[in-house]
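**Student:** Let me begin by handing over the structure; questions about it come next.
The values are calculated or read from the model by the stated rules, or taken from the named source; none is laboratory data. Note that the structure is a prediction, hence the values are computed from the model and not measured. Cβ placement follows ideal geometry from the backbone for every residue including glycine, while neighbour counts extend to all protein chains displayed.
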Amino acid sequence: MALTGVLRPGHAQVRVLDLEESVRFYRDVLGLVETGRDAEGRVYFKCWDERDHNSYVIRQADRAGLDFFGFKVLDKATLDKLDADLQAYGLATELIPAGEMLETGERVRFTLPSGHVMELYADKTCIGNGLTEVNPAPWGPQREHGIAPVRLDHALLYGPNVAEVQKIFTEVLGFYLVERVLTPDGDGNVAIWLSCSHKVHDIAFAEYPEPGKLHHCSFLMESWEQVLRAGDIMSMNLVPVDIGPTRHGVTRGCTIYAWDPSGNRFETFMGGYQPYPDYGPLTWTFDNFGQGLDYPQRKLHETFLTVVS
Amino acid sequence: MTHTVRIEDTGVSYACAPRESLLEGLNRLGLRGIPTGCHGGGCGVCKIEVLAGEFQTRAMSRDHVSDDDVAHHRLLACRVYPASDLSLKVIGKLQRKVCNPASVR
Ligand code: FES
Ligand SMILES: [Fe+2]
């Protein structure tokens, strides 16, 4: 089997200012499937074509932003090994017991030098995608409710020390660098796109003075037409749209950025290409950052650099 | 019925309905380059200080609004709704754009 180690982004926990307003937004406008609520009041969602119990969890809080972002790893042995590797690298890890999140096994938690809390876990209950495992239909009614992305695809996080973050992902967690934007002097990176798979990014980081900031969580759509349909649904529901529909130069992904009711940006995204770990990274110079963000308009939208939660 | 909101920094006034946030009204002025931000009380770019007038608010992120800010009516425009005529001062990241629109792109 080729895909081992860290498999994919598995869950994000995001803070919201008004829980029920946010539930309505995520369930009925974004079209996620609500899968549970826990004793703490957290609400759990998954995308229709995901099989594990949850991928996106919201919690009422007095500030917006990201609590943590978790990756699913192959198995318990992988989890134990990566825990030991992180500690050997010099990062403190914390074990969160199984069951602290609904239907989720033990989690290894650590904090990046960018201020973001990351998690690894091996087990989350498979509840299926609502379709049969024998002779399945290609899709069911859940795909038709709201925007209805197929999966949580990646996140872009803003914080300091991106070079150190890159080392942890590439030297400890088995990710590879897919694309980067150079600093104006060309000596470092202002932004990096990292993959643990065949995807153009599983997580991305941009240099920012304040630690632990969320730029966006991204949800995968199946086609450009579905991205445009997402834009229609956003407008019908007065969702504030930031950028798009357009295409990123970086990753070649087709995109809309918009905000949830608490000001957490999210993305509906499709496309890109399929990199392999032996590909060298693609590089954007700082003066071409605008094309990297919005290729047709060649525009470095100010909100991309300044608006985070 | 709408209320009149006066931006003390510039002397510009605009109409804002009670069901419309101060930021939505401000955006309708069409000042070039105003970073509209998240419209959800989460990012903090739209911070203002209400100098006079009645208003209502919705939840806004405490990352950007402290107790002291609340006490002094330093709030996020996207979460403040006018209940009378208002006067305000723009603070935070928005100020440069509102007060100096010609300087923008
Ligand atoms: S626009 Fe983000 S807090 Fe008002
Ligand atoms: Fe993205």
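**Student:** Does at least one position in the stretch A:181-192 carry a residue that is in contact with a Ser or Thr (Cβ under 6 Å, 6 or more places away or on another chain) and more than 15 Å from A:GLY70 (Cα to Cα)?
**Tutor:** Just the residues of the stretch A:181-192 that are in contact with a Ser or Thr (Cβ under 6 Å, 6 or more places away or on another chain), to begin with: A:182, A:190.
Going one step further and asking which of them are more than 15 Å from A:GLY70 (Cα to Cα), we end up with A:182, A:190.
Taking every residue of the stretch A:181-192 in turn, at least one turns out to be in contact with a Ser or Thr (Cβ under 6 Å, 6 or more places away or on another chain) and more than 15 Å from A:GLY70 (Cα to Cα).
Residue-by-condition table, conditions (1) under 12 Å from the mean Cα position of the chain (by Cα); (2) closer than 20 Å to A:TRP259 by Cβ; (3) away from every other protein chain (no Cβ under 12 Å):
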residue	(1), (2), (3)
B:LEU22	yes, yes, yes
B:GLY42	no, yes, no
B:CYS46	yes, yes, no
B:PHE55	yes, no, yes
B:SER66	no, no, no
B:ARG74	yes, no, yes
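**Student:** Return the residues of the stretch A:154-188 that are away from every other protein chain (no Cβ under 14 Å), under 17 Å from the mean Cα position of the chain (by Cα) and within 15 Å of ligand 2 (Cβ to nearest atom); say none if nothing qualifies.
**Tutor:** Within the stretch A:154-188, A:HIS154, A:ALA155, A:LEU156, A:LEU157, A:VAL178, A:GLU179 meet the criteria.
**Student:** Counting residues that are buried (at least 16 other Cβ atoms within 10 Å of the Cβ), within 14 Å of chain B (Cβ to nearest Cβ) and within 21 Å of the chain's Cα centre (by Cα), which strands (runs of 3 or more DSSP E) fully inside the stretch A:44-153 reach at least 2?
**Tutor:** Counting at least 2 such residues, we get A:56-60, A:65-73.
**Student:** Right, next: For the stretch A:208-217, indicate whether the set of residues that are buried (at least 16 other Cβ atoms within 10 Å of the Cβ) and more than 14 Å from chain B (Cβ to nearest Cβ) is non-empty.
**Tutor:** no
**Student:** If you take the residues of the stretch A:251-287 that are in a loop (DSSP other than H, G, I, E, B) and hydroxyl-bearing (Ser, Thr, Tyr), which of them is farthest from the other protein chains (Cβ to nearest Cβ)? Before the answer, list the steps.
**Tutor:** The initial filter retains those residues of the stretch A:251-287 that are in a loop (DSSP other than H, G, I, E, B), namely A:260-264, A:272-281, A:285.
From the residues that got through so far, the ones that are hydroxyl-bearing (Ser, Thr, Tyr) too are A:262, A:273, A:276, A:279, A:285.
Details: A:SER262: 5, A:TYR273: 30, A:TYR276: 36, A:TYR279: 35, A:THR285: 21 Å.
If we take residues in the stretch A:251-287 being in a loop (DSSP other than H, G, I, E, B) and hydroxyl-bearing (Ser, Thr, Tyr), then A:TYR276 is farthest from the other protein chains (Cβ to nearest Cβ).
**Student:** Starting from residues that are modelled with pLDDT under 90 and not in a loop (DSSP other than H, G, I, E, B), keep the ones in the stretch B:26-56 and report whichever is surrounded by the fewest Cβ atoms within 10 Å (Cβ to Cβ).
**Tutor:** In this case the residue turns out to be B:ARG28.
**Student:** Here are some conditions: (1) within 14 Å of ligand 1 (Cβ to nearest atom); (2) surrounded by fewer than 17 Cβ atoms within 10 Å (Cβ to Cβ). B:VAL12 meets all but one. Which one does it not meet?
**Tutor:** (1)
**Student:** I'd like the residue in the stretch B:40-62 that is out of contact with any strand residue (DSSP E or B) (no Cβ under 7 Å at 6 or more places or on another chain) and not hydrophobic (A, V, I, L, M, F, W, C) and, out of all such residues, is nearest to ligand 2 (Cβ to nearest atom).
**Tutor:** So, considering only residues that are out of contact with any strand residue (DSSP E or B) (no Cβ under 7 Å at 6 or more places or on another chain) and not hydrophobic (A, V, I, L, M, F, W, C), the one nearest to ligand 2 (Cβ to nearest atom) is B:GLY42.
**Student:** How many residues does the stretch A:234-257 contain that are in contact with a Lys or Arg (Cβ under 7 Å, 6 or more places away or on another chain) and of a type in the set (A, V, I, L, M)?
**Tutor:** 0
**Student:** To continue, here is another question. Can you list residue pairs whose Cβ atoms sit under 8 Å apart, with the first residue in the stretch A:40-67 being of a type in the set (Val, Ile, Thr) and the second being part of a loop (DSSP other than H, G, I, E, B) and surrounded by 23 or more Cβ atoms within 10 Å (Cβ to Cβ)? Count only pairs 6 or more apart in sequence or on different chains.
**Tutor:** Sorted first by the residue in the stretch A:40-67, then by its partner, the pairs are A:VAL57/A:MET101.
**Student:** For the subset of the stretch A:29-43 comprising residues that are in a loop (DSSP other than H, G, I, E, B) and on the phi < 0 side of the Ramachandran plot, which member is nearest to the other protein chains (Cβ to nearest Cβ)?
**Tutor:** Going residue by residue through the stretch A:29-43, those that are in a loop (DSSP other than H, G, I, E, B) are A:30-32, A:38-42.
This time we only want the ones that are on the phi < 0 side of the Ramachandran plot, so: A:30, A:32, A:38-40, A:42.
On the way: A:LEU30: 14, A:LEU32: 18, A:ASP38: 22, A:ALA39: 23, A:GLU40: 19, A:ARG42: 17 Å.
That would be A:LEU30.
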